[in-house]
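S.K.: Before I ask anything, here is the structure I am working with.
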Amino acid sequence: MADESSHASTDPSRRARGAGGKRRKPRGKHSKALVITACTAAGLVVVAGAGAGFLYFKLDGNLKGVDINAALGTDRPANVDNGSMDILVLGSDSRSGANAKYGKDQGGARSDTAMVVHVYKGHKKASVVSIPRDTLVTRPTCTDSRGNTVAGGSQQMFNTAYEVGGPACAVKTVEKMSGIRMDHYVEVDFSGFKKLINTLGGVDITTQKAINDNKSHLHLPAGKHTLTGEQALGLVRTRHGVGDGSDLGRIQLQQAFMKALIKQIKDVGVFTSPTKLYDLADTATSTVTTDSELNSVKELAGFANGLKGIGAGDMKMVTLPVQYDPQNPNRVLPLEKEGAKVWAALRTDQPIPAAATRDSAGDKGAAGSVVTAH
């Protein structure tokens, strides 16, 4: 894991600024979106089967929702309907309850994994932008779960937004960074991730070299593997076993694993197996938290079903352009001009230009080539 300290320098002369601008948004009762993260891809894709009548009310009762719209009000980027959609996907690192085995609870969950998933008009392809948890950003003023105001500030670690203000603050922080309104929010924690992978029957990967990381408890020789939920969790948490030992290398592993997971979902034929479909739908609806507009089986069914044709080859996965903080190697700073190009492309529903990430520390590591699908 990255350095667990949530306290960053407060030097006002060094600010991480996001791009501004407008955005588009199709929304409504039959909205559909793609959720691409190791923990939620399987669950939300297969929830398409819920509309077929498999214990509808049981699945509906499994769901947990957060009313992001009510929490944020009107202080958000504009909604612009051009047929595309954006979703913030978070993996929570809560150590409470079933997650206690993964470390000591230090006072609040943080966003261990954060991705903005942009689904292009027509819903045939997508771009995924990973935001490093250790990125120093300008966090806006938020309201916590008790209704208390939490002051914002510059040079704050990105993952503290979730810690101090929950999902709504995480969404608000991303929207301020990007100038893009998030249409939906999806979250899953460690134990939910494991359960989804185990229900799927594991995920097949090939490691190009051995991975040994005592901190994530993952030890894999080079070769082919079918990862259990525990092993998959170890892989997406691994930092020290590959690359330069940073969170940026871990993000590359997460992106490689997601592609393998998406391929696995299609290969096992969950859309033609009612039993597998229901098991995965039941698991997914029990383990994910969504925004209130997806907090029903009907909405999730349409949400997922319309995008089940998007495969791993239809997604471009990048990391927000960053550089290592010269004052603290455990933190990264956004590359302002390059990041602006990434967000501008998504706002206008255009492909992310290669030049936007060419000089980013996040795209220079070798960790992404260590894991492939098979």
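The values are calculated or read from the model by the stated rules, or taken from the named source; none is laboratory data. All values derive from a computational prediction rather than experimental measurement. Cβ placement follows ideal geometry from the backbone for every residue including glycine, while neighbour counts extend to all protein chains displayed. Only protein heavy atoms, including side chains, enter the accessible area calculation; ligands, DNA and RNA are left aside. Shrake-Rupley method; radii C 1.70, N 1.55, O 1.52, S 1.80 Å.
S.K.: I want to confirm something. Restricting to region 284-299 and keeping residues that are under 22 Å from F190 (Cβ atoms) and surrounded by 22 or more Cβ atoms within 10 Å (Cβ to Cβ), which single residue is modelled with the highest pLDDT?
M.R.: Across region 284-299, the extreme among qualifying residues is D291.
S.K.: Right, here's the next one. What are the pairs with Cβ atoms under 6 angstrom where one residue, in region 70-87, is open to solvent by 60 Å² or more (accessible area, probe 1.4 Å) and the other, located anywhere, is not in a loop (DSSP other than H, G, I, E, B)? Sequence gap at least six, or different chains.
M.R.: Close Cβ pairs satisfying both conditions: A71/A168.
S.K.: If a residue must be charged (D, E, K, R) and open to solvent by less than 60 Å² (accessible area, probe 1.4 Å), how many such residues does region 334-366 contain?
M.R.: Of the residues in region 334-366, 3 are charged (D, E, K, R) and open to solvent by less than 60 Å² (accessible area, probe 1.4 Å).
S.K.: Right, another one. For G192, indicate whether it is over 15 Å from the mean Cα position of the chain (by Cα) and not acidic (D, E).
M.R.: So G192 does not fit the description; no.
S.K.: On to the next question. Restricting attention to strands (runs of 3 or more DSSP E) lying wholly within region 117-192, give those where 1 or more residues are free of Cβ contacts under 8 Å to residues at least 12 places away in the same chain and open to solvent by 10 Å² or more (accessible area, probe 1.4 Å).
M.R.: Here the list is empty.
S.K.: Does region 220-257 hold any residues that are open to solvent by 30 Å² or more (accessible area, probe 1.4 Å), closer than 24 Å to R331 by Cα and in contact (Cβ under 8 Å) with a residue 60 or more places away in the chain, and which are they?
M.R.: Once the filter is applied, which keeps residues that are open to solvent by 30 Å² or more (accessible area, probe 1.4 Å), closer than 24 Å to R331 by Cα and in contact (Cβ under 8 Å) with a residue 60 or more places away in the chain, region 220-257 yields G243, D244.
S.K.: Could you look through region 327-371, keep only residues that are in a strand (DSSP E or B) and out of contact with any helix residue (DSSP H, G or I) (no Cβ under 9 Å at 6 or more places or on another chain), and pick out the one that is nearest to S178 (Cα to Cα)?
M.R.: L333
S.K.: Turning to a different aspect of this structure: Quick test for you: out of G65, G97, pick the one residue that is of a type outside the set (D, E) and modelled with pLDDT under 65.
M.R.: G97
S.K.: Considering only residues that are open to solvent by 50 Å² or more (accessible area, probe 1.4 Å) and among the charged types (D, E, K, R), look in region 195-219 and name the one that is farthest from K263 (Cα to Cα).
M.R.: Here the answer is K215.
S.K.: Continuing with this model, one more query. Give the residue that is least open to solvent (accessible area, probe 1.4 Å), with candidates limited to residues of region 300-333 that are in contact with a Lys or Arg (Cβ under 6 Å, 6 or more places away or on another chain) and of a type in the set (A, V, I, L, M).
M.R.: Of everything passing the filter in region 300-333, L307 is least open to solvent (accessible area, probe 1.4 Å).
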